[in-house]
Amino acid sequence: MINDKLNTLLANYAVVAHKTQNFHWYIKGHTFFNTHAKLEEFYDQMFDQIDEVAELVLQNGGQPLASMAGFLKAATIDEAEDGFKEVNALFATVKSDFESLRSLAADIKKDADAEDNYLVSAAMDEHIALLSKHIWMIGQSQM
Ligand SMILES: [Fe+2]
């Protein structure tokens, strides 16, 4: 079911948004100013994505997950523990999580295309494009 997969995408965005905010809070060291600001940009965007996916589920006739317990139960991406993370490890985690989100969005797009569901298919294009840009940028920063 597309709405089940959209709810998994929603839950994963919720986990990754809080995870990047966790990293934003605990980052320290000489990269602090850049890393702190970039992580804030990521989670600000993801809270917009969360709202968009939830409203997409509603437009698609379903019920979006809306509780923290529901998100954690449905998510396929793990939370991060509280505490400082080294900056390279932190961005490797964010990149890997973005790749998981993009892979799920692409899977949902395939399902949507098979059902001629243009609304969901077009929405997934935007998620795939935005995530791809972030994945590329993080990759550039790791060279
Ligand atoms: Fe902040």
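The values are calculated or read from the model by the stated rules, or taken from the named source; none is laboratory data. A quick note: this is a predicted structure, and the numbers were derived from the prediction, not measured. No Cβ is skipped: glycine too gets one built from the backbone with ideal geometry, and neighbour counts run over all protein chains shown.
One line per residue, one yes/no per condition, for (1) away from the ligand (no atom under 16 Å from the Cβ); (2) within 14 Å of the chain's Cα centre (by Cα); (3) at positive phi:
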| site | (1), (2), (3) |
| --- | --- |
| 34 | no, no, no |
| 57 | yes, no, no |
| 69 | yes, no, no |
| 77 | yes, yes, no |
| 82 | no, no, no |
| 88 | yes, no, no |
| 98 | yes, yes, no |
| 116 | yes, no, yes |
Residues in the range 85-101: is at least one at pLDDT below 95 and either in contact with a helix residue (DSSP H, G or I) (Cβ under 8 Å, 6 or more places away or on another chain) or among the basic types (Lys, Arg) (or both)? yes
Take residues that are among the polar types (S, T, N, Q) and within 15 Å of residue 10 (Cβ to Cβ) and tell me which of the helices (runs of 4 or more DSSP H) falling wholly in the range 50-143 contain 1 or more. 87-114
Tabulated pairs, the range 67-87, first closer than 16 Å to residue 104 by Cα, second in a loop (DSSP other than H, G, I, E, B) and at pLDDT 95 or above, C-beta under 7 angstrom, 6+ apart or interchain: 71/65; 74/65
I need a count of the residues in the range 10-32 that are part of a helix (DSSP H, G or I), of a type in the set (A, V, I, L, M) and within 14 Å of the ligand (Cβ to nearest atom). 1
